[in-house]
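The values are calculated or read from the model by the stated rules, or taken from the named source; none is laboratory data. Worth saying up front: this structure is predicted, and the values here are computed from it rather than measured. Cβ atoms come from the backbone with ideal geometry, glycine included; neighbour counts cover every protein chain shown. Ligands, DNA and RNA are stripped out before the accessible areas are found, and what is left, the full protein with its side chains, is counted by its heavy atoms. Shrake-Rupley method; radii C 1.70, N 1.55, O 1.52, S 1.80 Å.
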Amino acid sequence: PSILLRRLPTILQLSLAGIDSNDQNKCIRTLIFYRSLTSWIPIVANASDWPKSRSVESETSNTNADGTVSVGADTMKYLSAVTASEEYLAALRELPETSLLRQCDAFDNGELGLSDLLLEETAAAMGDWVLAFLDRIYDLLRHTGEREKKGKTGSGVANRHSSNDVQQARNFSRVLKESLIQIFAVMDEKTHEMAVLSVSRFLEEETLPSAGKDAAALCQAAAAARFIDNKSYSPGLDALIPILVDDFNGHSNKTIIYRLRCLSGAVRSAGNGVVNHRIEISQAIDFALSSGDKTVFKTGCKVLRHTLSSLCESYPLSSECIPRQELDGNGDYVLGKSGSLKGNPIHWHSPMKEELEFASDLLRIHVMTRINIVCDTYANVGFLEGSLDGEDSIVMVDSNVSELKSVDIMILRKCLRVLRYSLRGCAGLLLDLQNAESVGSFAGISSVPHEQAMLRLLLG
C-alpha cells in the first residue's frame, strides 16, 4: 500500500485535470478511479479519525455468522504474511534501485513510525483534494448542455444526434452519481460539513437548468442520511432545504424547475431527516402541483414520488459503507481488507411512525383529493366513441340526462400522473400484509405482478 500512499497527493492533484467537460470518456474514467480509490481510503481530517474495523472475531470462527457464510479462514492474514517472509525481503534487495517495490521497502519494513506519518499525509491530501474535486464538478455542471433524450417514436431514435449519445449521457450521469455518493459517504464529520457548505454556496449562487439531473445527484449525495451516535440524521438536508424552497413566487419557471429537481434529489436518501422539514417540503409540493406550467407540475410529481419513497422504503445508509482500518497482530496497519457483513453491520433506514403519518397526509391531500374530485364530477359520464372536441377536452355522454358534456382532459391527465408517481413512491406500503391471499382480496383489489413477486420473495 505504501507504493500508492506515498504518491497519492501527486496523483490526486494531477488527476483533477481528468474532470473535463470537453472529454466525457476521460471524465468517466477519472470518476471511476475516484470511486475505486474512496472504496479503500476514507476522507478524514486526521489519521486517528480513520474508521476502525468492528470485527473482533477471527474469520475462522463461523459459529455466530448471523445468516452469513464465511469462505476462507483469515485470508488477509496469509496473504499479507508473504510480504514479511525472508524470501520476499531477499527478493526485494535484488531489485534495481529504480524499482517501485524497492523504493517502498523502507516504509513497509523496519520503520513502523513512518506508517503513522504516511497515514497523516494521506489524510491531509484527501481533505485538501475533496474541495478541489467539488470545484471541478461545479465547473462540469456549468458546461452541461441540453441533455440527449430518447425519442418517443417506435424506433426509439434520439431526438438529437444519435442513440449512442443518449447511452453515453446516461452512463456518464450514472458514474457521476455513484462517485458523488461514495465520496460523500466516506467523509468524516468535519470534512462533510465543509463539503455541504460548499454545495450550499454553489446552489445559492448559480442556477443551471440544463444540469438539473446531475445537480440532483449532487444534492442526493450531500443530503444522504448519516448514522452517528446510534442516530440517523441528515445535516446536508438541513443546509439545503432553506435554499431550495426559498420564495418560489419570486423566481422564473426555469429556476423553480431546477430547484425542484434538486429538492427531489435531496430528499431521496435523507432518511429520518425528511420529517424535520415536513412543512417546507409540503409547501413545495403544493406549489408545484397547483402550477399551470406542465413542466413544473411534472417536476412536482417527481418531488412527491421521491419524498414518499424516502419516507416509506427501507434502504441502507451509505455513510456506513466505508473502508475501515485494521491492525494485524504486530500492530501494523492492514490496508486492503475487504468488508464483511459479519462484524461490520450495515445500518438501515426503517420508517418511523412520524414518517408514515407524513406519507399518509401526502397521499390523502394530493392523491385521494384528486380522485374524489374526478369521481364526483364525472361519476355518470361515459365515453361517446369517436367524438372529440379540440385537444384539451373530450365530448362525453351523461347517462342521467342523456346529453353531451365536455370534460377537461387535463384534469384527468393530472390526476393519473399524480396517481402514477405516488404509487411508484409508496409501492412498498402495499406489500405490508400477512399473505398473498389477503392482498388479492383486500378491498376487492387484485394485487399487481410486482406485489405478487415481492410477496413470494418475502413469504417464501
#### Entry: Cα-centred dipole magnitude for the stretch 193-234, charges only on beta-carbon of K, R (+1) and D, E (-1), debye, nearest 20
200
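Per residue, how much accessible area does the stretch 164-284 have with a 1.4 Å probe, in Å²?
Using a 1.4 Å probe on heavy atoms only, each residue of the stretch 164-284 averages 40 Å².
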## Note on the structure
Sequence order, the stretch 307-323: Karplus ³J(HN,Hα) from phi using 6.51 cos²θ - 1.76 cosθ + 1.60, θ = phi - 60°, Hz rounded, Gly and Pro as x, gives 5, 4, 4, 5, 7, 9, 9, 9, 8, x, 7, 5, 5, 9, 8, 10, x
### Pair residue 373, residue 88: separation of 7 Å Cα→Cβ label points (nm)
7.0
### Solvent accessible area, Å² - residue 368, 1.4 Å probe, full protein context
90
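Can you tell me how much longer the chain between residue 22 and residue 201 gets when fully stretched, taken as 0.36 nm per residue apart minus their C-alpha distance, in nm with one decimal?
Numbers: separation 179, 0.36 × 179 = 64.44 nm, distance 2.50 nm.
Length difference between fully extended and current span is 61.9 nm.
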